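Below: the structure, in structure tokens.
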Amino acid sequence: MDAFTELYRRGFFGNIAAGMASVGLAHLLSGESISHAAIANGAAWRAGQGLTHHAPKAKRVLQIFCPGAASHLDLWEHKPSLEKWHGKPLPGEEGFLSFQGKNGNLMKSPWPFAASGQCGKKISTMLPKMSKHVDDIAFLHAMQSKTNTHGPGCIFMNTAHPSEGFPSTGAWMSYALGSENENLPTYVAIPDMRGEPPNGKANWSNGFLPARYQAIEMSSQQPIRNLARPASISAEEENASRALLGRLNGSFATANPGETDLQARVAAYELAARMQLSAPEVSELSRESAPTHKQYGTSDPNPLKAAYAKNCLLARRLLERGVRYVSLYCASRASGVDGLLNWDAHKTLKADYERHCPIFDGPTAALLADLKQTGLLEDTLVLWTTEFGRMPTHQAGTAGRDHNPDGFTCWMMGAGVQGGISYGATDEFGRRAQENPTTVWDFYATVLHLLGFEHEKLTWYHNGLDRRLTDVHGQVLQEILT
């Protein structure tokens, strides 16, 4: 071996050693770097460290989203006046023009409501299994939205801003809380088998936060792609390449500290390497017992229900392994036929909801029961959301309901939330929020409070402003807290 070859060989292995060291250093400093970045950006200094402004009740969040504007009047909020006035004009709003035009007369729900639980809460008989959980749920019946269009409505409910470009709530939580399991994503979005919700990936985007805080998409029907090492590359070759890349990326990051997109990409690749072992395990639903699969309904003859049931089971497995925020979707974006793929029942509400409710009811109830039985519910906050509500009248010439952003229902349960209560109410017909009107900003101010954060202090400096999830609004809903 000549001197040149020996020098080249030593240099190569020296680079690998330095690369390994830089990877190790990057790992050791990864949590610290988040805090330093937060300081540099004028953000809350505690962010990313698992430290909070006050003692938290919740450590993680499960958000169940039903896109298409699930009707509060046909699921969660009983209105006897709709039964009494069925077929008559809505007083004071005869001929009202809503999203799709003229409205007809008042329309009662196609299904009766029944008192449930010890609290006696009345919900639709189309949700018999969810009715068993009402004693643990705080219903927010006076929610209001700023838009009556699905895309902006979903974005508003998921980011607290009606236009794209802002971080999703899960991205904010990912930034605030940091990771609890370095081998899994901090934030996971589970789209429905039928497709993404209106406005797609903007619902779980990082917005102006660094790219590392956006959600990783997973579902039972579509595992994370590109995790396996190609058979043509040995483990030794992969490790050596990764070490060298670590050195090069570390040098570039030191020279270009403001390049957060590259840093996020590097972090994503490093996470992907760790997920080669962890992700297949978490998504391997066959490890669950036969009774668990039966409870969720993963083998239901309805393929849509079976797919959603598997996603519910995946959500529980992610939560119990330390994922901080899971967004679980039941239904997708609109199609050429209203109400076919989501809860947007403009024309045939009865047929649409008799298709959607059984898909949602059993698997969701099983997930909530599982969280409670395993003790996860004690420090997991569960949210049920939709973009807005629906009119108490039928659309002219149809048997469906049009969009209604002026009053609708969302709910919370779990860590720090009083169960068996209803906060706020719409008027006697369900048309407008009347008692304790509640904004999306109030909703998320309360979520942040339960996670241990003061919503005015969790900020990120962007375009000359200290931005926050709740914009310049928001009041914590103390009345629903334990």
Members of the stretch 62-106 found to be of a type in the set (A, V, I, L, M), touching a Gly at 6+ places or on another chain (Cβ under 8 Å) and farther than 26 Å from Asn199 by Cα, listed by number: Leu82, Leu106
Selection from the stretch 89-111 of residues that are outside any loop (DSSP other than H, G, I, E, B) and either without any contact (Cβ under 8 Å) to a residue 40 or more places away in the chain or on the phi > 0 side of the Ramachandran plot (or both): Leu97, Gly101
Residues of the stretch 409-441 satisfying the condition of being within 18 Å of Phe166 (Cα to Cα) and surrounded by 23 or more Cβ atoms within 10 Å (Cβ to Cβ): Val440
Complete set of residues in the stretch 331-365 that are under 16 Å from Phe388 (Cβ atoms) and either modelled with pLDDT under 95 or touching a Leu at 6+ places or on another chain (Cβ under 7 Å) (or both): Ala331, Arg333, Ala334, Asp338, Gly339
Residue count, the stretch 41-90 (criterion: among the hydroxyl-bearing types (Ser, Thr, Tyr), over 22 Å from Leu383 (Cα atoms) and either outside the structural domain of His394 (by TED's automatic domain parsing) or at pLDDT below 95 (or both)): 0
In the stretch 449-462, the residues that are touching a residue at least 24 places away in the same chain (Cβ under 8 Å) and either assigned to a strand (DSSP E or B) or not aromatic (Phe, Trp, Tyr) (or both): His449, Leu450, Leu451, Gly452, Glu454, Lys457, Leu458, Thr459, Trp460, Tyr461, His462
Residue list for the stretch 121-141, filter: farther than 22 Å from Ala415 by Cα and either of a type outside the set (A, V, I, L, M) or not in a loop (DSSP other than H, G, I, E, B) (or both): Lys122, Ile123, Ser124, Thr125, Pro128
Residue tally, condition assigned to a loop (DSSP other than H, G, I, E, B), more than 22 Å from Leu62 (Cβ to Cβ) and polar (S, T, N, Q), over the stretch 321-350: 1
Matching entry among Gly117, Gly165, Gly101 (being more than 18 Å from the chain's Cα centre (by Cα), farther than 25 Å from Leu367 by Cα, small (Gly, Ala, Ser) and surrounded by fewer than 19 Cβ atoms within 10 Å (Cβ to Cβ)): Gly101
Filtered residues of the stretch 238-252 (kept if over 16 Å from Gln263 (Cβ atoms) and free of Cβ contacts under 8 Å to residues at least 24 places away in the same chain): Glu238, Asn239, Ser241
Some residue of the stretch 432-440 being in contact with a His (Cβ under 9 Å, 6 or more places away or on another chain), among the β-branched types (Val, Ile, Thr), in contact (Cβ under 8 Å) with a residue 12 or more places away in the chain and not in a helix (DSSP H, G or I): yes
Per-region count, the stretch 356-394, residues of a type in the set (A, V, I, L, M, F, W, C) and not in a helix (DSSP H, G or I): 6
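The values are calculated or read from the model by the stated rules, or taken from the named source; none is laboratory data. No experiment lies behind these values; they were computed from the predicted model shown. We place every Cβ from the backbone using ideal geometry, glycine too, and count neighbours over all the protein chains shown.
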